[in-house]
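Enquirer: I have a structure here, written as structure tokens, and I will follow up with some questions on it.
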Amino acid sequence: MKSFLILTMLFAAFVANSQILVSGTIVSDVDNKGIQGAHVSLSGQAKHTFTDDKGFFSLNVSSTGNYLLRVSHIAYQTILLYIDAPLDKPLSISLSEAHYLNEEVVVKAGRVLTGAPLSYSNVESKQIEKLNFGTDLPYLLQATPSIVVSSDAGTGIGYTGLRIRGSDLTRINVTLNGVPVNDAESHGVFFVDLPDLASSIDNIQIQRGAGTSSNGAAAFGASINIKTRMVEEEAGGLLHSAAGSFNTFKNTIGFSTGRSNNGLALTGRLSQVKSDGYINRGWSDLKSYYMAGSWSSNKTLISLLATSGLQSTYQAWYGIPKDSLKTNRKYNPSGEITGQNGTSEGYYPNQTDNYQQDYYQIHLAHKINPLWYFSAAAFLTNGKGYYESWKNNQKFSNYGITDIVLGDTSLKKTDLIQQKWLDNSFYGFHATLQTERSRLNSSFGIGLNQYDGDHYGHIIWARFYPDGAFPIRWYDNTGLKTDFNVFGKMNYHLTEKLSLYGDVQYRFINYRIKGIHDDLRDISQQHRFNFINPKAGLLYAWNQQTEVYASVSVSNREPNRSVYRDADPGQQITFENLINYELGYSFKKGWFSWLSNLYFMDYRNQLVLTGKINNVGAPIMTNVPQSYRLGIENVLSGSIFKNLEYIVHLSLSTNKILSFTEYVDNWNYWDDPDNEPYQYSFERGTTNISFSPEAIAGGTLNYAPVKSISIMISSNYVSRQYLDNSSSKSRSLDPYFVSNFIVTYTIPQKMVEALEVSIAVNNLTNTVYENNGWVYKYYYNQQEYTLDGYFPQAGIHGMAGLKIRF
């Protein structure tokens with residue numbers, strides 16, 4: 001670590017050259033008065049600045065030459081200007097007042113701003129569009145550091161997962177235009193309920209570590225801040241169709257009216273994605289729409305947004321046993337009907353998951369004066385759906401129903417079909433006051449939301465039962481969660497080179513569960529939390545190309561529903577605490593950029609896997625006193641030639657539980673509870689945290705041999721991942737390396753704005769690998785046994801697409 005810091009300082013000193021001053025004044029073209037808080041930056045330079053209260057700015061460049069100067073302000077039109085350094089005299093630049101308020105103000109409070117001492121990546125719509133062949137959003141973000149994706153059906157369509165720095169989506173704060181997306185109870189995000197959202201995205205910011213999240217559950221690994229296209233400046237339309245392996249089809253139609261002279265705009269989209277999946281019966285049928293309307297003036301923006309996803313998928317979330325990986329990688333045990341002798345009699349055709357999620361948002365942004373801005377949002381998210389399952393040889397008593405008597409015979413077990421339902425609403429509002437000055441950018445906000453969910457189950461058929469008896473409701477419980485927060489954050493430029501960042505949030509949570517779970521236990525309970533989450537950091541502009549920063553953040557997070565629901569009797573569950581330290585370095589000069597970030601995430605009472613899963617494959621968690629993640633993330637990017645660009649990332653980490661006790665169930669306990677312990681315990685000492693690879697690497701190469709052709713090659717490597725916290729190689733995922741290829745040809749013509757044909761080939765090397773799994777170990781008659789599920793991924797497969805813009 002010391003060697004790295006010394007090399008960093010030596011490299012920074014080596015590239016520092018004589019400084020040449022670039023200065024000037026930014027004024028309004030209306031009254032010629034100086035504009036305070038305008039952001040000024042130069043191409044190829046890490047250094048940037050803001051104008052003072054008289055509109056003055058100054059920057060030093062390292063060498064003579066031609067530079068692209070960019071001046072932006074939320075209330076004025078952005079201007080790009082080429083300059084030659086050194087200047088003959090100070091610049092005088094006039095900005096025209098924006099005709100319409102910039103919609104970035106809607107999400108600005110939750111974003112990392114330029115000059116903040118935090119680790120983050122921005123993903124623009126052009127990059128997303130190039131990759132969008134119907135896969136879920138996680139698969140479109142792999143060009144950023146520390147990300148590992150997974151897919152139940154093996155193709156990236158249907159149920160998918162995402163981990164950043166080893167933390168899954170239940171521990172990543174996700175917002176859509178600043179509105180929380182995470183399910184307030186489970187903390188999960190299911191992108192299958194937002195199919196083809198990528199076609200409506202303007203940009204995404206990924207904040208690694210504790211981040212700057214202000215709304216929703218606290219980030220324990222990262223934040224993903226998604227901004228959709230709420231306003232399209234120009235009228236137009238889009239037709240995008242793609243087809244390929246596993247009977248995969250994607251069809252999208254979109255339109256935009258453009259912004260009218262009176263500030264009105266409307267944009268919309270309809271999409272359908274269908275695929276059979278790589279896994280047997282791992283099919284998906286996904287439908288969605290997106291609609292956004294807005295009115296704006298130079299001081300006010302009002303946007304209304306509605307989007308909905310309707311998904312039906314065959315269950316593929318059980319994975320396949322390890323011993324099937326070599327003999328039948330497409331095997332799917334879900335829905336299997338077994339006879340009395342245990343042999344397979346086929347599969348239940350409606351072993352499906354069916355869910356609809358509707359999102360409604362209204363946003364208001366207003367420019368109070370040149371220095372102060374107000375924004376607010378109200379939202380409603382409704383979700384309702386069920387998954388249906390065939391169950392073999394189930395006890396009537398487990399469902400609270402009486403045995404069947406046939407003559408002299410009493411039947412205690414039966415085959416049956418069950419549906420588990422979730423009907424929930426999530427609603428709330430947040431408001432923010434922001435200011436931009438020459439030396440200070442700050443925001444203050446408040447938010448309140450509530451989740452109201454109903455969980456219940458029906459038996460819709462059982463052998464030997466009369467049809468008129470159904471449906472039978474066998475469990476019903478509710479969850480009610482209220483979340484209130486206030487926050488303040490600021491970025492203050494102490495000197496021209498040194499800036500200070502500060503952020504503090506207070507959260508109050510009241511969570512109540514009431515009712516009977518599917519195993520007939522009364523799970524009624526109530527929990528309250530009061531959290532203070534402070535963050536602070538410094539950024540120092542060493543010279544025009546080099547910046548270094550350091551920050552420390554505290555994040556407290558409440559357990560989710562399943563942790564409370566699945567806890568063993570007597571198990572004490574508490575909240576988690578994280579202290580996140582970040583130390584970063586960036587160097588930018590012309591065609592070359594190097595970003596490096598060292599992090600240490602110190603956890604108290606982190607919830608980790610026990611090795612158990614519940615009846616839908618979700619992991620059961622327990623608190624461990626001390627654990628940590630220590631790593632370094634590196635990103636190199638630039639262009640070798642004018643038409644050849646690259647981006648390479650490498651993350652190295654060590655992720656440890658300092659003293660882990662493994663508990664393994666003893667199945668003999670149920671046969672002889674008086675003489676057998678129900679669990680054995682094993683002291684494992686310091687172990688690896690599950691699903692936390694020590695190395696993650698990736699690279700993307702974009703090559704345009706001619707103007708009409710674009711070629712992209714991307715690769716990703718993930719080292720070994722342990723399925724539990726025992727650090728056992730036998731219960732792990734092997735390392736894998738996967739490459740993908742996309743070529744796009746823009747057909748020259750004059751009939752429409754653009755006509756593109758694209759071909760994508762995924763897993764070029766036909767790598768045999770699994771990117772997710774689960775394991776459960778138990779003892780019976782003093783012998784160790786394992787239940788497990790692995791998720792094999794498709795070999796080489798492809799898609800071809802046609803995109804028409806008009």
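The values are calculated or read from the model by the stated rules, or taken from the named source; none is laboratory data. Predicted model, so just to flag it, every value in this text is computed and none were measured. We place every Cβ from the backbone using ideal geometry, glycine too, and count neighbours over all the protein chains shown. Ligands, DNA and RNA are excluded from the accessible area calculation, which covers all protein heavy atoms including side chains. Shrake-Rupley method; radii C 1.70, N 1.55, O 1.52, S 1.80 Å.
Enquirer: Can you work out D for segment 253-297 in µm² s⁻¹ from Stokes-Einstein, where Rh is the Kirkwood radius over C-alpha pairs, the temperature is 25 °C and the viscosity is 0.890 mPa s? Show your work: numbers first, answer last.
Expert: Details: Rh = 12.9 Å.
It comes out at roughly 191 µm²/s.
Enquirer: Hey, another quick one. Take the alpha-carbon centre of segment 720-763, take the same for segment 640-661, and report the distance between them in whole Å.
Expert: The distance from the Cα centre of segment 720-763 to that of segment 640-661 comes to 17 Å.
Enquirer: Another question, if that's okay. Calculate the radius of gyration of the Cα atoms of segment 682-806 to one decimal place, then report Dmax, the largest Cα-Cα distance, as a whole number, both in Å.
Expert: 21.8, 77
Enquirer: If you don't mind, there's one more thing I want to ask. Percent of accessible area on segment 673-806 owned by carbon and sulfur, 1.4 Å probe?
Expert: Working: 3720 of 6530 Å².
Whole-percent figure for carbon plus sulfur exposure: 57.
Enquirer: Oh, and also: Students sometimes get this wrong: rank Lys287, Lys250, Lys514 by accessible area, probe 1.4 Å, all chains present, largest first. Walk me through the numbers before you get to the answer.
Expert: Details: Lys287 85, Lys250 0, Lys514 130 Å².
From most accessible down to least: Lys514, Lys287, Lys250.
Enquirer: Provide the per residue accessible area, probe 1.4 Å, for the chain, rounded to a whole number of square angstrom.
Expert: Details: 33310 Å² over 806 residues.
Result: 41 Å² of accessible area for each residue.
Enquirer: Is there a pair in Lys274/Lys514; Lys287/Lys707; Lys326/Lys729; Lys54/Lys367; Lys250/Lys330; Lys108/Lys750 whose C-alpha atoms are over 28 Å apart, and which pairs would that be? Numbers along the way, then the final one.
Expert: Working: Lys274/Lys514 38 Å; Lys287/Lys707 35 Å; Lys326/Lys729 18 Å; Lys54/Lys367 20 Å; Lys250/Lys330 23 Å; Lys108/Lys750 39 Å.
Cα-Cα > 28 Å for Lys274/Lys514; Lys287/Lys707; Lys108/Lys750; rest within.
Enquirer: With +1 on the Cβ of every Lys and Arg and -1 on the Cβ of every Asp and Glu, and nothing else charged, how large is the dipole of segment 53-115 about its Cα centre, in debye rounded to the nearest 20? Write out the running numbers ahead of the final one.
Expert: On the way: 5 positive and 6 negative charges, 28 e Å.
The calculation lands at about 140 debye.
Enquirer: Here's something else I'd like to know. Any chance you could run the full-extension gain for Ala550 through Arg463? It's 0.36 nm times the residue separation minus the Cα-Cα distance, nm to one decimal.
Expert: Working: separation 87, 0.36 × 87 = 31.32 nm, distance 6.46 nm.
Here the answer is 24.9 nm.
Enquirer: Roughly how far apart, in whole Å, are the Cα centres of segment 110-176 and segment 776-806?
Expert: 19
Enquirer: Would any residue of segment 526-543 have its amide N under 15 Å from a label point 7 Å out along Cα→Cβ of Phe484? List them or say none.
Expert: 528-532
Enquirer: Related question: Heavy atoms only, 1.4 Å probe, whole protein assembly: order Trp283, Trp317 by accessible area, highest first.
Expert: Values: Trp283 80, Trp317 35 Å².
My answer, sorted largest first, is Trp283, Trp317.
Enquirer: Also, I was wondering about something else. What shape does segment 470-516 have by the C-alpha gyration tensor, where a ≥ b ≥ c are the square roots of the eigenvalues, rounded means a/c under 1.5, and otherwise prolate means a/b greater than b/c and oblate the rest? Show your work: numbers first, answer last.
Expert: Values: a/c = 8.77, a/b = 4.53, b/c = 1.93.
Verdict is prolate for segment 470-516.
Enquirer: Assuming a ≥ b ≥ c are the square roots of the Cα gyration tensor eigenvalues, decide whether segment 125-213 counts as rounded (a/c under 1.5), prolate (otherwise, with a/b larger than b/c) or oblate. Walk me through the numbers before you get to the answer.
Expert: On the way: a/c = 1.33, a/b = 1.19, b/c = 1.11.
In terms of gyration-tensor shape, rounded.
Enquirer: Carbon-plus-sulfur fraction of the accessible area of segment 430-566, 1.4 Å probe, in percent?
Expert: On the way: 3250 of 5420 Å².
Answer for segment 430-566 is 60 percent, counting heavy atoms of protein chains only.
Enquirer: When the accessible area of segment 245-399 is computed with all protein chains present and a 1.4 Å probe, what percentage of it is carbon and sulfur? Kindly include the intermediate steps, with their values, before the conclusion.
Expert: Values: 3850 of 6730 Å².
Percent of accessible area from carbon and sulfur atoms in segment 245-399: 57.
Enquirer: Relative to the longest principal axis of the chain, what angle (0 to 90°, nearest 10) does the C-alpha long axis of helix 2-15 take?
Expert: Taking Cα atoms only, the helix is inclined about 30 degrees.
Enquirer: Oh, and also: Report, in deg cm²/dmol and to the nearest 500, the calculated mean residue ellipticity at 222 nm for the chain, where each DSSP H run with n ≥ 4 adds -39500 (n - 2.57) and the sum is divided by the residue count. Display every interim value, and only then the final one.
Expert: Values: 3 runs with 27 residues, N = 806.
One gets -1000 deg cm²/dmol as the mean residue ellipticity at 222 nm.
Enquirer: Here's something else I'd like to know. So which trypsin sites (Lys or Arg not before Pro) in segment 617-690 pass both tests, a DSSP loop state and at most 15 other Cβ atoms within 10 Å of the Cβ?
Expert: Details: sites: Arg629, Lys642, Lys656, Arg684; in loops: Lys642.
Here the sparse-neighbourhood loop sites are Lys642.
Enquirer: Something else: Using a simple charge model, +1 on the beta-carbon of Lys and Arg, -1 on the beta-carbon of Asp and Glu, nothing else, what dipole does the chain show about its Cα centre, in debye to the nearest 20? Intermediate results must be reported in sequence, preceding the final value.
Expert: Details: 66 positive and 69 negative charges, 378 e Å.
So the dipole magnitude of the chain works out to roughly 1820 debye.
Enquirer: For a quick check of understanding: with a 1.4 angstrom probe and all protein chains in place, what accessible area in square angstrom does Arg329 have, to the nearest ten?
Expert: Roughly 40 Å² of Arg329 is accessible to a 1.4 Å probe.
Enquirer: Oh, and also: Considering the Cα positions of segment 182-237, please state its Rg to one decimal place and its Dmax as a whole number of Å.
Expert: 13.8, 41
Enquirer: To the nearest Å, what is the center-to-center distance of segment 83-100 and segment 290-363, using C-alpha atoms only?
Expert: 52
Enquirer: Once you put a point 7 Å from the Cα of Ala754 and another 7 Å from the Cα of Leu264, both along the Cβ direction, what distance in nm separates them?
Expert: Placing both labels 7 Å beyond Cα along the Cβ direction yields 2.9 nm.
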